[in-house]
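Before any comments, here is the structure.
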Amino acid sequence: MLSTPKNQKNNSKLLYALSLGLELGFLISLPLVFFLILGIFLDKKFQTFPIFLISSIMLGLAATVVNIYYLVLPFLEKRSRDKKE
């Protein structure tokens with residue numbers, strides 16, 4: 001298969017979409033897993049099951065929402081600029 005500029009452009013778009021999807025997956029899963037493990041550890045240490053577990057899940061969800069917001073923000077700004085033009 002010959003490498004044409006059109007194929008290279010399509011490949012770069014595909015790689016960008018894959019990297020964005022991978023980043024989004026990590027942004028969703030890592031804070032939740034981290035805070036879940038932290039909550040379980042703190043509950044075992046202080047024998048307060050499920051107080052820290054529930055609190056840490058809430059913190060993990062909040063961190064996930066903030067991370068996704070900052071990931072999507074440039075796309076939203078670009079879209080609003082395109083609509084104004």
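The values are calculated or read from the model by the stated rules, or taken from the named source; none is laboratory data. Note that the structure is predicted; figures quoted are calculated from it, not measured. All Cβ positions, glycine included, derive from the backbone under ideal geometry; neighbour counts span all protein chains shown.
Remarks
- Matching residues, the range 43-85, being among the hydroxyl-bearing types (Ser, Thr, Tyr) and either more than 13 Å from LEU32 (Cβ to Cβ) or not in a helix (DSSP H, G or I) (or both): THR48, SER55, TYR69, TYR70, SER80
- When restricted to residues that are hydroxyl-bearing (Ser, Thr, Tyr) and within 22 Å of SER19 (Cα to Cα), the range 36-85 contains 3.
- Residues within the range 46-64 that are at pLDDT 95 or above and among the aromatic types (Phe, Trp, Tyr), tallied: 2
- Residues satisfying the stated conditions in the range 34-65, i.e. among the aliphatic types (A, V, I, L, M), surrounded by fewer than 15 Cβ atoms within 10 Å (Cβ to Cβ) and touching an Asp or Glu at 6+ places or on another chain (Cβ under 9 Å): ILE51
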